[in-house]
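Comments concern the structure below.
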Amino acid sequence: MNRMKVIVIGGGGREHALAWKLARDSRHPELFCAPGNAGTAALGTNLPIKAEDLDGLLQWSKTNRPDLTVVGPEAPLCAGIADRFQAEGLRVFGPCRAAAQLEGSKQFSKDVMAAAGVPTARAMVFTEAGAAKAYVRQQGAPIVVKADGLAAGKGVTVAATVAAAEAAIDEALVRRAFGDAGNRVLVEECLVGEEASSLALLDGQRVVLLAAAQDHKRIGDGDTGPNTGGMGAYSPAPVVTADLLPFIRTRVFEPMLRELQRRGITYQGLLYAGLMLTADGPKVLEFNCRFGDPETQAILPRWEGDLLPALEACIDGTLDERLVRWKPAPCVCVVLAAGGYPGPYAQGDAISGLEAAAQAPDALVFHAGTALRDGRAVTAGGRVLGVTALGADLGAAVRNAYAAADRIKFNKMQYRRDIAWRALKST
Ligand code: AMP
Ligand code: GLY
């Protein structure tokens with residue numbers, strides 16, 4: 001019998017975690033990754049095709065006929081990779097273009113939330129700086145300014161003052177720092193509370209929640225300094241208590257699914273809700289149309305059994321709670337970043353200690369921004385590695401992750417020493 005062929009699109013820590021989990025599936029699929037990184041190279045074949053190169057990916061897939069394509073990042077989903085693959089009879093995990101606009105356009109996302117009655121921050125949309133600033137002055141600070149489109153995580157300013165909000169408006173609408181993604185801005189009420197990431201699988205009809213996670217967006221310990229793509233994550237997130245789950249299911253995910261359906265859009269794939277747990281209950285900060293990064297690195301090691309059946313059930317419309325089971329052990333992912341990140345950073349530096357780290361108790365080393373040079377891993381991105389560990393309890397998982405991280409070295413390596421601090425503080 002031919003081995004099942006699976007291709008993972010993307011090349012970050014999330015994609016290494018997905019490929020790692022798929023490699024352990026009982027069907028032992030033959031894995032491809034486009035473009036992948038030094039970590040995925042050890043699990044299958046890396047293809048020199050960028051995640052945004054839809055023509056290149058389609059061409060490869062029409063020739064090689066993978067049984068399943070799993071899309072990691074948002075850019076190809078928002079550009080319609082799922083629609084194009086399906087049109088060629090290729091099976092793909094990830095929502096169609098129209099559904100992916102929940103991440104691709106914050107205005108669209110707000111419209112759907114409003115129609116579905118999903119709790120979220122009050123917001124107004126502007127295309128003109130003067131009107132946006134007048135609204136900011138009327139509302140006062142703190143206030144949040146967001147570019148409407150995809151801005152690689154850089155389009156959001158939580159402004160402590162009216163002046164900072166006005167500067168963010170100019171940045172998007174006048175200086176056009178985000179290009180067309182900043183043609184419109186949302187000016188949004190500032191919510192207060194603890195954040196959590198709630199990920200769910202959707203098959204067009206049903207919702208199955210995954211274990212909740214929390215990530216750490218700021219570069220510095222104690223959640224200080226500029227925002228990043230995420231400096232670490234852990235799962236489960238104790239702030240997402242069991243009594244919140246019915247609310248998240250019935251007031252967030254199910255109404256979104258139904259409202260999209262009403263608009264003729266079927267959501268099949270993973271939907272990620274960034275939540276603020278406010279005094280008035282959970283409110284949605286944003287939706288993402290794909291797995292979180294680095295949340296996925298902390299969630300998938302806890303996944304009990306095979307992942308493939310759950311992904312396929314989303315495509316086939318046969319999703320079932322029984323396909324998703326969790327190990328009780330908590331999991332922690334610590335991101336090792338290049339010095340200077342989230343600003344400019346060096347690339348091509350040798351990484352040592354990878355094998356020693358992977359042998360540390362209960363540890364897994366997920367590659368993010370790495371590449372192979374003469375058969376050895378070198379740095380090739382801002383977030384370089386996600387050192388991940390399970391533990392008997394959260395404290396043990398944290399200790400295991402840091403014990404592994406301490407074995408790794410590269411020039412100007414930086415990482416946060418306090419991943420999971422909020423949860424540890426509350427226990
Ligand atoms: P987003 O990309 O929309 O998730 O925003 C990035 C980060 O900005 C979030 O993780 C929050 O920390 C913060 N943020 C976004 N929207 C709000 C809001 N309405 N109130 C307070 N903080 C927010
Ligand atoms: N960790 C945040 C994200 O994946 O968007």
field: Positions within region 402-419 being over 17 Å from residue 331 (Cα atoms) and in contact with a Gly (Cβ under 6 Å, 6 or more places away or on another chain), in sequence order
entry: 407, 408, 409, 412, 414
query: What do you reckon, is residue 292 open to solvent by 20 Å² or more (accessible area, probe 1.4 Å), assigned to a loop (DSSP other than H, G, I, E, B) and of a type outside the set (Asp, Glu)?
result: no
message: If I go through region 72-113 residue by residue, how many of them are under 17 Å from residue 316 (Cβ atoms) and in contact (Cβ under 8 Å) with a residue 24 or more places away in the chain?
response: 10
field: Hits in region 286-330 - residues which are within 16 Å of ligand 2 (Cβ to nearest atom) and more than 27 Å from residue 385 (Cα to Cα)
entry: none
query: Which numbered condition trips up residue 188, out of (1) of a type outside the set (Lys, Arg); (2) closer than 19 Å to residue 225 by Cβ; (3) more than 16 Å from ligand 2 (Cβ to nearest atom)?
result: (2)
query: Are any of the residues in region 183-197 closer than 30 Å to residue 320 by Cβ and surrounded by fewer than 23 Cβ atoms within 10 Å (Cβ to Cβ)?
result: yes
- prompt: Is it the case that region 44-57 has a residue that's touching a strand residue (DSSP E or B) at 6+ places or on another chain (Cβ under 9 Å) and within 17 Å of residue 86 (Cβ to Cβ)?
  reply: yes
statement: Checked region 234-247 for anything over 14 Å from residue 117 (Cβ atoms) and in contact (Cβ under 8 Å) with a residue 24 or more places away in the chain; matches are 234, 235, 236, 237, 238, 239, 240, 244, 245
- line: Considering region 324-352, residues that are open to solvent by 50 Å² or more (accessible area, probe 1.4 Å) and not small (Gly, Ala, Ser), and then whichever is farthest from residue 219 (Cα to Cα), we arrive at 325
query: Under the condition of being open to solvent by 10 Å² or more (accessible area, probe 1.4 Å) and in contact with a Gly (Cβ under 9 Å, 6 or more places away or on another chain), which residue from region 199-213 is farthest from residue 283 (Cα to Cα)?
result: 205
- request: Please verify whether region 91-99 includes one or more residues that are away from ligand 1 (no atom under 16 Å from the Cβ), in contact with an Asp or Glu (Cβ under 9 Å, 6 or more places away or on another chain), open to solvent by 10 Å² or more (accessible area, probe 1.4 Å) and assigned to a helix (DSSP H, G or I).
  value: yes
- request: Would you check which residues across region 217-276 are of a type in the set (Gly, Ala, Ser) and over 28 Å from residue 399 (Cα atoms) and list them?
  value: 264, 269, 273
query: From the set of residues in region 119-130 that are surrounded by 15 or more Cβ atoms within 10 Å (Cβ to Cβ) and in contact with a strand residue (DSSP E or B) (Cβ under 6 Å, 6 or more places away or on another chain), which is farthest from residue 272 (Cα to Cα)?
result: 126
query: Hey, among 148, 221, 170, 111, which residue is open to solvent by less than 30 Å² (accessible area, probe 1.4 Å) and acidic (Asp, Glu)?
result: 148
- prompt: What residue, among those in region 239-276 that are more than 16 Å from ligand 2 (Cβ to nearest atom) and under 12 Å from residue 199 (Cα atoms), is surrounded by the fewest Cβ atoms within 10 Å (Cβ to Cβ)?
  reply: 245
field: residue 373 being of a type outside the set (Ser, Thr, Tyr), over 18 Å from residue 333 (Cα atoms) and surrounded by fewer than 21 Cβ atoms within 10 Å (Cβ to Cβ)
entry: yes
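The values are calculated or read from the model by the stated rules, or taken from the named source; none is laboratory data. Note that this is a predicted model, so its numbers are computed, not measured. Note that each Cβ is placed from the backbone with ideal geometry, even for glycine, and that neighbours are counted across all protein chains shown. Surface accessibility is based on the protein's heavy atoms, side chains included, excluding ligands, DNA and RNA. Shrake-Rupley method; radii C 1.70, N 1.55, O 1.52, S 1.80 Å.
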